[in-house]
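Here is the structure we will look at.
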């Protein structure tokens with residue numbers, strides 16, 4: 001019986017998808033990971049910064065007017 005091993009790209013994509021499950025945005029949820037030398041050094045997802053209320057808690061998306069989606073999730077990861 002041969003065990004199939006997932007390639008690295010799909011491995012990292014699966015992790016990013018799992019991280020997206022932590023997102024708190026009402027519009028869309030994204031997950032991202034930063035990998036350096038085959039080591040995950042950071043993860044991030046859509047949501048309010050620490051100490052602020054999340055969209056799901058407020059019932060409205062406050063970031064919609066401030067940041068476009070792609071910049072929003074990059075900032076959380078960094």
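Okay, residues lined up against (1) part of a loop (DSSP other than H, G, I, E, B); (2) at pLDDT below 90; (3) touching a helix residue (DSSP H, G or I) at 6+ places or on another chain (Cβ under 8 Å):
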| site | (1), (2), (3) |
| --- | --- |
| 1 | yes, yes, no |
| 9 | no, no, no |
| 33 | no, no, yes |
| 50 | yes, yes, no |
| 57 | no, yes, no |
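Under the condition of being touching a helix residue (DSSP H, G or I) at 6+ places or on another chain (Cβ under 7 Å) and modelled with pLDDT of 90 or more, the residues counted in segment 11-29 number 0.
The values are calculated or read from the model by the stated rules, or taken from the named source; none is laboratory data. Keep in mind the model is a prediction, meaning the values are calculated, not measured. Cβ sites come from the backbone with ideal geometry, for glycine too, and all protein chains shown count toward neighbours.
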